[in-house]
Amino acid sequence: MNSPVTTQWIDVNGRDGAFGTYLALPPGGRGPGLLLLQEIFGVNPHIRGVAEQYALAGFTVLAPDLFWRQGSRIELGYTGDDWKRAVELMNTIQPDSVVADMQATIAALKSRAECNGRVGAIGYCMGGRLAYTAAALCGVDAAVAYYGGGIQNQLALAPQVACPIQFHYGEKDDHIPPEAVEAVRDAMAEKDAEIHVYPGAQHGFNCWARASYGPGSAALAHGRSLAFLAQLF
């Protein structure tokens, strides 16, 4: 049986040149735009699967290849040399360049007939931090950040967050300590923000390809994310 979701790689023209993005279109043919922001492992099979998951729920999804300056469509696994390479790549990207790529991707989404004109952002790990950045700097209508490491170090952006935002954290995340989550909670206290912490969950709990996958937490977080993003319809 063929999937009702249509997918393809398309190029987006950005500030520094054209870069690849993975497009997933909903069965109904039209819906809110969703900027999907990768982990440090690239737009790999898991991120493409997430794109299709949200497209199936009615979203027009575009996942930019954020490592395109280092190499086209880099895809990495989660252990060993791939992990080391992923960290190296994360450390080479420039914040202003990534913001420019996100802005270009959002503009590309809004220009498509399949987008209803509203755009949200969702991201995981590095992408979770970038979803928060998009909420502050890119004019999205809603944002969802999964275990965004480093957000606690970018709380100077918090006053600029002007859209509803939702955060998901694992209680046992060895990359994001509880005090970091509390710092985000404090910074978001006056905002339209939700913060969810999943008992026993580890970093990467949403990723079915990782040893840290927590299906119960992932299902609960996914349901909450869909309910939250439904405001874009």
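The table below lists the values:
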{"item": "Column: log10 I(q)/I(0), Debye, Cα scatterers of the range 107-233, q = 0.09, 0.10, 0.19 Å⁻¹", "result": "-0.24, -0.29, -1.02"}
{"item": "Chain lengthening between THR79 and TYR213 when straightened (0.36 nm per residue, less Cα-Cα)", "result": "46.8 nm"}
{"item": "Loop-resident sites, the range 132-233, for GluC sites (Glu not before Pro), counting at most 13 other Cβ within 10 Å (DSSP)", "result": "GLU190"}
{"item": "Average Cα contact separation per residue, the chain, under 8 Å, 6 or more apart, as relative contact order %", "result": "16"}
{"item": "Sorted by Cβ neighbour density within 10 Å, fewest at the top, the residues LYS84, LYS191", "result": "LYS84, LYS191"}
{"item": "Cα extents of the range 6-232 along the three principal axes, largest first (Å)", "result": "42, 40, 33"}
{"item": "Around GLN231: net Lys/Arg minus Asp/Glu count, Cβ-Cβ under 11 Å", "result": "-1"}
{"item": "Residue order, fewest to most surrounding Cβ atoms within 10 angstrom, among LEU109, LEU155", "result": "LEU155, LEU109"}
{"item": "Within the chain, helix-based [θ] at 222 nm, where runs of 4 or more DSSP H residues each add -39,500 (n - 2.57), nearest 500", "result": "-11000 deg cm²/dmol"}
{"item": "Residue of ALA134, ALA183, ALA86 that the Gaussian network model of the chain assigns the largest fluctuation, springs spanning Cα pairs under 10 Å", "result": "ALA183"}
{"item": "LEU155-HIS196 pseudo-label distance in nm [points 7 Å out on the Cα-to-Cβ vector]", "result": "2.3"}
{"item": "Label-point gap, in nm, between ALA183 and GLU171 - each point 7 angstrom along Cα→Cβ", "result": "2.3"}
{"item": "Exposure proxy ranking, count of Cβ atoms within 10 Å, fewest first, for GLU88, GLU52", "result": "GLU88, GLU52"}
{"item": "Paramagnetic reach from ASN2 (point 7 Å along Cα→Cβ, amide N under 18 Å) across the range 14-34", "result": "23-30"}
{"item": "18 Å tail of the calculated P(r), the range 152-219, as % of Cα pairs", "result": "41"}
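No value in this document is a laboratory result; all are computed from the given coordinates. Since the model is a prediction, treat every value here as computed from it, not as a measurement. Every residue, glycine among them, receives a Cβ derived from its backbone with ideal geometry; neighbour counts consider all protein chains shown.
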